[in-house]
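The values are calculated or read from the model by the stated rules, or taken from the named source; none is laboratory data. Bear in mind the structure is a predicted one, so any value in this text is a computation, not a measurement. No Cβ is skipped: glycine too gets one built from the backbone with ideal geometry, and neighbour counts run over all protein chains shown. Surface accessibility is based on the protein's heavy atoms, side chains included, excluding ligands, DNA and RNA. Shrake-Rupley method; radii C 1.70, N 1.55, O 1.52, S 1.80 Å.
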Amino acid sequence: MKDSVRAAVDLISSSRSYASAGSEVAAVREVSLTIDGGESVAIMGPSGSGKTTLLNLIAGLDRATAGEVVVLDQSLTGLSESDLTAFRAQNLGLVFQESHLLAGLSALENVIVARLPWEKRSALEPRARDLLAVLGLETRADHPPSKLSGGERQRVGVARALLGNPALVIADEPTGNLDVAATGELLKLLEDLRRRLGLTLIVATHDAAVAETMDRTVRMSGGRVIAA
Ligand SMILES: Nc1ncnc2c1ncn2[C@@H]1O[C@H](COP(=O)(O)OP(=O)(O)OP(=O)(O)O)[C@@H](O)[C@H]1O
Ligand SMILES: [Mg+2]
């Protein structure tokens, strides 16, 4: 069980602007937001409101152009690219809309491959099998992605995100391509895992039913947080 008392995320007047063709697009504007350890938070808002940009700032995949981003007591502002990569590998689990599995690898190998620079295969493999079993995929471990359903592929993506025992899981519309039943199943699994493992979970979604399963909804509009 991870420490779930301290703040998992602290955004302090964080902004991200993009320069494009002489003008500036403010994708995230002066967002101040605290997410507690162990909380599950839905990020909602219309297309273009800044959800993905906000998640990318928290994940250290993008850098704030103003303000500060503190994740698990670590300020990301001054970290080098290689330190950010190591921070992500040690602390974060990322789930994307597309699971981006490698076609030539089995489900099990897909779960493991990104962590091979950090840990031995012999240590990773039993943990990956356990995670696939928890996610209902024990009989699918040796299948290639082409023989899995969309929901199964997405669960492989979740297993991959959890393999490093992250304290914080960030998911950007993880159910965007799934039908209602598969969406419900994936979210139930994520919520169960959050409770059991003491994770903090942040999910960007357009789906109000998804948001309802979570502790809190943060609403964005025009790059700002309008309700938290
Ligand atoms: N690399 C970039 N360069 C320029 N503008 C960008 C870039 N990335 C995002 N934007 C702009 O920033 C704004 C926020 O985009 P973002 O992808 O964060 O929205 P979103 O809320 O995730 O939308 P969606 O629900 O469609 O995924 C948009 O106006 C977008 O066009
Ligand atoms: Mg988005």
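Structure notes:
A quick yes/no check of all residues on (1) within 16 Å of ligand 2 (Cβ to nearest atom); (2) assigned to a loop (DSSP other than H, G, I, E, B); (3) open to solvent by 40 Å² or more (accessible area, probe 1.4 Å); (4) touching a residue at least 60 places away in the same chain (Cβ under 8 Å):
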| residue | (1), (2), (3), (4) |
| --- | --- |
| A27 | yes, no, no, yes |
| T34 | no, no, yes, no |
| I43 | yes, no, no, yes |
| L55 | yes, no, no, yes |
| L61 | yes, yes, yes, no |
| L79 | no, yes, no, no |
| E98 | yes, yes, yes, yes |
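- Any hit, the stretch 127-138, residues being open to solvent by 30 Å² or more (accessible area, probe 1.4 Å), more than 28 Å from M214 (Cα to Cα) and over 19 Å from the mean Cα position of the chain (by Cα): no
- The set of residues in the stretch 127-177 being away from ligand 1 (no atom under 16 Å from the Cβ), in contact with a strand residue (DSSP E or B) (Cβ under 9 Å, 6 or more places away or on another chain) and at positive phi consists of N165 alone.
- Total residues in the stretch 63-77 satisfying the condition of being of a type in the set (G, A, S) and either over 20 Å from G223 (Cβ atoms) or outside any strand (DSSP E or B) (or both): the figure is 2.
- Test for A103: is it crowded, with 16+ Cβ neighbours inside 10 Å and among the small types (G, A, S): no
- Criterion applied to L61, L76 was being touching a helix residue (DSSP H, G or I) at 6+ places or on another chain (Cβ under 9 Å), hydrophobic (A, V, I, L, M, F, W, C) and away from ligand 1 (no atom under 16 Å from the Cβ), and the one residue passing it is L76.
- L94 being open to solvent by less than 20 Å² (accessible area, probe 1.4 Å), within 22 Å of L187 (Cα to Cα) and either among the aliphatic types (A, V, I, L, M) or in a helix (DSSP H, G or I) (or both): no
- Residue, nearest to P145 (Cα to Cα), within the stretch 68-124, restricted to residues that are under 16 Å from the mean Cα position of the chain (by Cα) and among the polar types (S, T, N, Q): S99
- Residue match in the stretch 182-194 (condition: open to solvent by 50 Å² or more (accessible area, probe 1.4 Å), free of Cβ contacts under 8 Å to residues at least 60 places away in the same chain and acidic (D, E)): yes
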